[in-house]
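So the structure is just underneath, and the comments pick up after that.
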Amino acid sequence: MWRRTILLNRELIREILEACGHEVIEAEDGLQALDELEQNAPDLVLLDIQMPVLDGYTVVRRLREIPILQRLRYWPLQRTRCREIASEF
């Protein structure tokens, strides 16, 4: 159930952002997120604070050590916040 909720939240956020014209790049865990971020250097990062392998807090700490990624904005997400976002659309 918990895994399904996470997938639904990710899908919902992706659909909202894409509908607003944004490109979305997803990662399954914190380590994959770091790899994707180093390759793509986006303008905004939405992180689940409870990601597997590396949690969102650890990912942010590591990103702050990479000079090219220090300018990024981070927005940690929790399940309750995902529901709030969805209710606005």
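Here, each number is a calculation from the coordinates, and none is a lab measurement. These numbers were taken from a predicted model, which means no experiment stands behind them.
Please state the shape class of the range 5-78: rounded when a/c is under 1.5, otherwise prolate if a/b exceeds b/c and oblate if not, all from the C-alpha gyration tensor.
oblate
Roughly speaking, what is the stretch gain from Leu7 to Gln39, that is 0.36 nm per residue apart minus the C-alpha to C-alpha distance, in nm to one decimal?
Extending this stretch completely gives an extra 9.2 nm.
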